[in-house]
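Every number in this text was worked out from the coordinates using simple rules, so none of it is lab data. These figures come from a predicted structure and were not determined experimentally. Using ideal geometry, Cβ is built from the backbone for each residue, glycine included, and neighbour counts are taken over all protein chains shown.
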Amino acid sequence: MDLKILVILIAAAHGAGCRNAAEMEYESLYSIGGSVLGVTTVVDSLDVPWEICWGPDDNIWFTEQSGSISRYDPRTNVRKRLLFIKNTYRMRTSGLLGMALHTDMKRYPYVFIAYTARSNTERQVSRVMRFTYRTDTLTDPLLILEYAAWSGHFGARVVVAPDGKLMVATGDGAQFENAQNIKSPHGKILRFNIDGTVPDDNPVAGSPVWVYGLRNPQGMAYSAGGTLYSSDHGDATDDEVNRIIRGRNYGWPHIEGYPDREKEADFARQRAGTEEPMIAWTPTVAPGHGYHYIGKRLWSHLSRIVGLLGRMADRYKFGPRKLILTGILFGGIAFVAFGMMTDVWHFYFFNQTCEYLII
Ligand SMILES: [Ca+2]
Ligand SMILES: [Ca+2]
């Protein structure tokens with residue numbers, strides 16, 4: 001599989017005075033309004049990248065599903081593998097998936113991952129792990145959670161919350177009873193302290209469950225104001241984006257999308273604390289990860305980029321379903337990309353074409 005990280009550089013308004021952009025060789029160059037936008041591949045031959053994030057070292061960190069955690073320095077063009085997790089169990093959508101770097105790595109040099117492992121028995125298991133980052137390597141593995149894995153619906157997005165807690169989105173494992181079972185870690189968003197213990201102020205004492213009733217949440221993002229949003233893959237209908245509120249029930253499998261059928265409305269009436277999505281899509285769109293952006297000028301740029309990416313989807317054989325605009329909801333934007341502000345805007349994103357990434 002030959003997957004890539006692409007970078008889009010957007011020159012500052014009116015395309016002037018942009019040294020980095022001018023030095024870059026582009027595969028494509030676009031003019032959008034008063035801005036210049038160039039696209040080039042910076043890393044290729046990847047084995048299904050699943051997570052990408054900007055590190056405090058101004059490097060791009062990313063996971064590959066086969067078990068690699070790597071770092072790419074956009075200034076030197078050097079890619080370095082930091083860790084290969086040998087016991088990764090990769091089958092269709094399982095493997096090394098989500099990763100989050102602590103937002104204050106000087107004090108807390110921690111990297112969190114969610115992956116599927118070969119256990120000591122015949123069966124595969126899902127794990128949430130913490131590693132400590134030390135000079136070009138990841139050491140001191142700490143197991144935060146190990147739980148049952150089946151053949152799909154792994155969720156596996158991890159983020160560090162503004163309050164320093166670790167949030168983990170888990171899929172229901174395609175086992176219908178899991179999402180509404182408060183004792184199961186599946187079909188939930190879980191909340192941990194970064195040492196793996198359960199915070200005292202979680203909704204249920206001693207339980208990592210923060211919210212429940214989810215199917216396969218693969219996207220989480222905090223807004224600048226500290227609100228957590230999460231996308232959730234629906235079944236044949238009703239992909240969702242949810243505003244995550246402590247202790248709420250997001251309905252699955254009894255409610256798909258809005259509670260607009262009689263049985264769904266009954267369930268919502270009978271159960272306190274059910275929460276309907278901010279938006280639901282039918283036909284489904286398979287929302288991936290999300291990123292929250294603020295800034296009017298950037299928003300203007302991004303609105304146009306999303307349109308452009310739609311066209312690039314054909315050119316680079318993106319699944320169009322991978323690109324999703326939720327900016328109307330967030331007052332920002334969400335798609336598989338992120339940015340850094342210098343005199344140019346940088347957006348790195350994966351050219352993901354793996355048929356198993358969306359279910
Ligand atoms: Ca729902
Ligand atoms: Ca419905």
Exercise. Amide H to amide H under 5 Å from residue 26: which residues, 5+ apart in sequence or cross-chain, H placed 1.01 Å off N in plane?
Worked result: none
Exercise. When the chain is fully extended, how far beyond the present Cα-Cα distance does residue 207 get from residue 223, taking 0.36 nm per residue of separation?
Worked result: 3.2 nm
Problem set entry | Cut-off under 5 Å, modelled amide H: who pairs with residue 82 long-range | 69, 70, 71
Problem set entry | Per-pair calculated FRET efficiency, R0 = 30 Å: residue 81 and residue 278 via Cβ, rounded to 0.05 | 0.20
Exercise. Whole-Hz Karplus ³J(HN,Hα) for the stretch 195-201, in order, using 6.51 cos²θ - 1.76 cosθ + 1.60 and θ = phi - 60°, x for Gly and Pro?
Worked result: 8, x, 7, 8, x, 5, 9
For this session: At 0.36 nm per residue, minus the direct Cα-Cα distance, what do residue 197 and residue 245 gain on full extension? Give it in nm, one decimal, please.
Result: 15.2 nm
For this session: Please turn the phi angles of the stretch 204-214 into ³J(HN,Hα) values with the Karplus equation 6.51 cos²θ - 1.76 cosθ + 1.60 (θ = phi - 60°), one per residue in order, whole Hz, x for glycine and proline.
Result: 10, 4, x, 10, x, 5, 9, 9, 9, x, 10
Exercise. For the residue pair residue 182 and residue 118, what label-to-label distance in nm results when each label sits 7 Å from Cα along the Cα-to-beta-carbon direction?
Worked result: 3.9
Problem set entry | Sequence ranges 160-171, 193-204, ranked by mean other-Cβ count within 10 angstrom, highest first | 160-171, 193-204
Exercise. Hey, what do the phi angles of the stretch 88-100 turn into as Karplus ³J(HN,Hα) couplings, whole Hz, using 6.51/-1.76/1.60 and θ = phi - 60°, x for Gly and Pro?
Worked result: 4, 9, 10, 8, 6, 8, 8, x, 6, 10, x, 8, 9
Exercise. If each of residue 137 and residue 104 carries a label point 7 Å out from its Cα toward its Cβ, how far apart are those two points in nm?
Worked result: 2.8
Exercise. Taking the Cβ-Cβ separation of residue 40 and residue 263 as r and a Förster radius of 51 Å, what is the calculated FRET efficiency to the nearest 0.05?
Worked result: 0.50
